[in-house]
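Scroll down for the structure; my scribbles are underneath it.
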Amino acid sequence: MNVADDERQSVLRDQLRAWLADHLPFPVDREEPTRNRQLRQWQHLLFSGGWMGLSWPTEYGGQGGEAVDQVVFNQELARAKAPSPPGIIGLQTLGPTLLKFGTEEQRLRFLPPILDGREVWCQGFSEPGAGSDLAALRTSATLDGEDFVVNGQKVWTSYAAYSDWCALLVRTGDVGSRHRGITYLLVDMTTPGITVRPIQQINGDSDFNEVFFDDVRVPRRNVVGQVNEGWQVAMATLSHERAMYVLSRSIELRIAFNDMVTALASESLMDGALGRLGETETLLTVLEAQAMSTLTRLTHGEPGDVSAVEKLLTSEIEQAVFSCAVDLLGPLSVGARDDVGVDRWVHDYLGSRSATIHGGTAEVLRNTIAQRLLGLPRS
Ligand SMILES: Cc1cc2nc3c(=O)[nH]c(=O)nc-3n(C[C@H](O)[C@H](O)[C@H](O)COP(=O)(O)OP(=O)(O)OC[C@H]3O[C@@H](n4cnc5c(N)ncnc54)[C@H](O)[C@@H]3O)c2cc1C
């Protein structure tokens with residue numbers, strides 16, 4: 001974003017740049033589980049330096065700053081090409097959810113280890129028969145004494161293989177209760193009865209997993225909000241996920257675009273590329289303006305339904321940026337390795353195909369925008 005820093009942000013930015021210069025490069029392997037261990041060490045180092053949870057309250061391990069501080073942090077990490085902290089779901093979605101809906105006991109127990117990298121979270125919402133239609137979910141939880149007993153299956157659960165905890169949506173109401181019978185549970189991934197099976201993706205990564213629950217006992221105190229009222233909690237979580245996606249991705253896409261322009265210039269490939277570059281630059285500028293508006297809203301309240309616009313815009317511009325890179329760089333887009341040996345442009349191009357699916361598909365977001373923001377009837 002091209003917002004001028006105020007004095008406080010400018011000091012923060014300078015301090016972070018100096019800290020990063022002292023601590024980078026931080027070596028991270030491509031192969032798991034080494035990669036996950038190293039990324040946790042990196043997050044712990046950031047935490048020790050006072051850089052995690054810049055906008056979270058100090059009583060839960062944060063720095064008590066403003067939402068914009070987090071943007072400065074994301075910008076500087078991306079600019080320095082530093083590794084991203086691994087606990088992204090805890091940091092960007094579960095943490096804000098607990099700050100709003102969690103009990104004080106839950107906040108004190110779960111927020112500090114999210115920040116220092118001790119506990120990484122995954123999010124178990126989608127199921128084989130419940131993706132866009134999330135209210136159709138069937139993984140059940142029945143109360144037995146002071147525990148819920150969970151049975152069922154989740155799918156597309158990102159990072160589950162390396163997560164310590166899962167934010168899980170379960171059905172506690174009748175089979176047909178839809179939105180009214182869903183509960184939001186915090187589940188320890190080491191509990192007996194949980195099986196995780198990784199799924200390999202087109203770009204070679206295995207971020208996704210299937211997760212099976214077979215008589216898994218979860219203490220009742222791990223319910224977030226009220227029993228059967230988890231839908232409201234889940235919708236707030238999804239709004240945060242979408243708003244944080246525009247804030248962090250707009251910065252990363254700008255850096256990727258600038259790197260692409262540099263690569264084209266150094267290979268004398270600018271002829272014939274200007275029209276496409278101008279078009280992509282325009283899209284990125286629109287995205288950056290949207291990110292500024294997102295930041296203003298987050299500073300003054302909740303993300304809300306507008307987060308559907310943000311998610312849709314970001315995902316389509318993400319695809320435009322990487323399509324542009326692959327089209328213009330041509331054969332040079334294959335074999336351009338990054339620091340850990342990933343074929344950068346092709347990897348990100350393939351990865352960008354998923355942008356219009358995760359966190360709500362483009363089609364479903366268009367429906368949401370039409371119905372909730374424009375007030376149009378369901379078709
Ligand atoms: C990179 C990535 C990460 C993910 N991480 C997680 C995670 O960590 N945890 C988790 O729980 N889930 C995760 N997901 C799953 C994601 O939330 C679902 O893929 C998504 O909600 C779509 O559900 P589905 O795949 O079942 O597709 P479906 O809902 O079956 O949709 C199939 C097609 O039908 C279209 N469609 C469906 N309903 C409508 C409608 N009413 N109107 C118009 N078109 C419609 C969709 O747009 C889509 O094109 C992830 C997905 C991706 C790609």
Scope segment 251-294; condition under 22 Å from residue 336 (Cβ atoms), of a type in the set (Val, Ile, Thr) and open to solvent by less than 60 Å² (accessible area, probe 1.4 Å); matching residues
251, 255, 261, 280
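Within segment 167-186, is there a residue that is under 30 Å from residue 280 (Cβ atoms) and not acidic (Asp, Glu)?
No - not one qualifying residue is present in segment 167-186.
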Filter segment 91-133 down to the residues that are without any contact (Cβ under 8 Å) to a residue 12 or more places away in the chain, assigned by TED's automatic domain parsing to the domain that holds residue 64 and under 26 Å from residue 360 (Cβ atoms) and list them by number.
none
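Matching residues to (1) in a strand (DSSP E or B); (2) open to solvent by 40 Å² or more (accessible area, probe 1.4 Å):
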| site | (1), (2) |
| --- | --- |
| 85 | no, no |
| 94 | no, no |
| 107 | no, yes |
| 119 | no, no |
| 123 | yes, no |
Out of all the residues in segment 344-367, is one or more of a type in the set (Asp, Glu) and at pLDDT below 95?
yes
Kindly check whether there is at least one residue in segment 40-60 that is touching a Lys or Arg at 6+ places or on another chain (Cβ under 7 Å), open to solvent by less than 50 Å² (accessible area, probe 1.4 Å) and either part of a loop (DSSP other than H, G, I, E, B) or more than 20 Å from residue 248 (Cβ to Cβ) (or both).
yes
Number of positions in segment 191-233 that are surrounded by fewer than 18 Cβ atoms within 10 Å (Cβ to Cβ) and on the phi > 0 side of the Ramachandran plot
4
When restricted to 377, 331, the only residue within 16 Å of the ligand (Cβ to nearest atom), farther than 29 Å from residue 72 by Cα, out of contact with any Asp or Glu (no Cβ under 7 Å at 6 or more places or on another chain) and open to solvent by 60 Å² or more (accessible area, probe 1.4 Å) is 377
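Condition check ((1) more than 18 Å from the chain's Cα centre (by Cα); (2) within 16 Å of the ligand (Cβ to nearest atom); (3) at positive phi; (4) among the acidic types (Asp, Glu)) across all residues:
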| residue | (1), (2), (3), (4) |
| --- | --- |
| 33 | yes, no, no, no |
| 82 | no, no, no, no |
| 106 | yes, no, no, no |
| 113 | no, no, no, no |
| 117 | no, no, yes, no |
| 122 | no, yes, no, no |
| 127 | yes, yes, no, yes |
Considering segment 96-105 alone, what residues qualify as being of a type outside the set (Lys, Arg) and open to solvent by 30 Å² or more (accessible area, probe 1.4 Å)?
99, 101, 103, 104, 105
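The values are calculated or read from the model by the stated rules, or taken from the named source; none is laboratory data. It should be emphasised that the depicted structure is a prediction, and the values quoted were computed from it without experimental measurement. When we count neighbours, we look across all protein chains shown, and the Cβ atoms used for this are built from the backbone with ideal geometry, even at glycine. Note: areas computed on protein heavy atoms with side chains; ligands, DNA, RNA excluded. Shrake-Rupley method; radii C 1.70, N 1.55, O 1.52, S 1.80 Å.
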